[in-house]
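Student: Please find one structure pasted underneath; my questions will follow.
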Amino acid sequence: MHYQKGERDTVRFGYASQNLTLGLTTGQTLRLANLQDAERVHALVRSNLSALEEILYWNAEHGIGLFRLSQLLIPFASHPDFPYDWEQEHGRLLARAGVLAGHLGIRLSMHPGQFIQPGSPNPDVRDRSVAELRYVARVLSLLGGADLVLHLGGAFDNKPAAIDRFVRSLEGEEDVLKYLALENDERLWTVEEVLEAACRLRTPVIVDTLHHSLNPGELSLRYALNAALTTWRRRPKVHLSSQDPSKQLGAHAWGVNMNDFRVLLDSIGGGDVDVMVEAKGKEGAVLPLVAGCQILPLEAAR
DNA sequence: AGATGTCAAGCGGAT
DNA sequence: ATCCGCTTGACATCT
């Protein structure tokens, strides 16, 4: 299950949202026009949670220690038209899945997408964003999850002002901050800038290797990783993905280029780390890493 | 049956 | 000024 980097150092791997082998997703959703059908929403959420449990078992059997839930686990949960009290109705099943993940030793996370903009100059956008983040934090709490991963979002032609708004929107949101981890992106926010925002919110930083290679700012990968790893008071996490050579810059490849992985391990040096793999092939991109790690000589990890 | 376009939400960037 | 990408599935409408 754990790759031995050194006497005590381990690396774990994970993937996001769905398992292609099982043909299961934790992100079945529906259109807003159908949201008033409470029975249907209820069945959908139960289906997503059932898929989660099956995926957790599969992951444990295949030595995979991380899984990212789809943000759509409970679709439209933070929307004002959501038809019932989802925490009341699904709390017990969420807790059950959380106990299972705990037993299997699998770290759970969620990663809300592009519409979540706590740094927006538009107060309505900020409010909706915070509402969605509270939903994610609540789900993670019920599941015993670990990480709410977020980008800084837009820059609005004034990066310091955007960071100020971002920080002010989340200051005091203790339930969110407990899980929050901030990630660099491929165009706007470098690791160095994310470190600044994270420092102000006292929250850890995730380095995404592909994003960093496209938007490194002044920092080497080694420096960026070492700075980010020190921000973690729980087990640190990084994101790993490779460029799809046939697509535009930033597009994820089906699998992970082994050289990208070696560069990552080499840049990290020692210590435990969790690696979230972002690849079109999902679990199929992770399995070779799990297998490869078991036969790599120790020197290759350093 | 299969193919296509649109759906809650917001940005930045290309054109 | 308008469209596209991020990511993915649902589903209405068409062929």
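Coordinate-derived values only; no laboratory data. Fair warning: this is a prediction, and the values are worked out from it, not measured in the lab. All Cβ positions, even for glycine, are placed from backbone atoms using ideal geometry, and neighbour counts span all protein chains on display.
Student: Return A:Phe82, A:Phe166, A:Phe115 ranked ascending by Cβ neighbour count within 10 Å, so the fewest neighbours appear first.
Tutor: Values: A:Phe82 17, A:Phe166 25, A:Phe115 11.
Sorted ascending by nearby Cβ count, the order is A:Phe115, A:Phe82, A:Phe166.
Student: Quick one: plug the Kirkwood hydrodynamic radius of segment A:105-223 (C-alpha pairs) into Stokes-Einstein at 37 °C, 0.692 mPa s, and report D in µm²/s. Walk me through the intermediate numbers first.
Tutor: Values: Rh = 14.4 Å.
So the translational diffusion coefficient is about 227 µm²/s.
Student: A further question follows. Residue separation times 0.36 nm, minus the C-alpha to C-alpha distance between A:Tyr57 and A:Glu87: what's the value?
Tutor: Length gained between A:Tyr57 and A:Glu87: 8.4 nm.
Student: State, as an integer percentage, the relative contact order of chain A based on alpha-carbon contacts under 8 Å between residues 6 or more apart.
Tutor: Across chain A, relative contact order equals 20 percent.
Student: Using modelled backbone amide H atoms (1.01 Å from N, in-plane), which distant-in-sequence or interchain residues come within less than 5 Å of A:His151's amide H?
Tutor: For A:His151, whose amide H was placed from the backbone, the distant partners under 5 Å are A:Glu183.
Student: Remind me, relative contact order of segment A:76-228 in percent, using alpha carbon pairs under 8 angstrom and six or more residues apart?
Tutor: Over segment A:76-228, the number comes to 19 percent.
Student: So what is log10(I(q)/I(0)) for chain A at q = 0.08, 0.10, 0.12, 0.16 1/Å, when the Debye sum runs over its Cα atoms only?
Tutor: -0.34, -0.54, -0.79, -1.40
Student: Calculate the spin-label point distance for A:Arg46 paired with A:Thr21, positioning each point 7 Å from the Cα along the beta-carbon direction, and give it in nanometres.
Tutor: It is 2.8 nm.
Student: Output the relative contact order of segment A:164-235, whole-number percent, from Cα pairs under 8 angstrom with separation of 6+ residues.
Tutor: Computed over segment A:164-235, the figure is 31 percent.
Student: Right, next: What does the charge add up to near A:Leu249, with Lys and Arg as +1, Asp and Glu as -1, over the other residues with Cβ less than 12 Å from its Cβ?
Tutor: Local charge sum for A:Leu249: 0.
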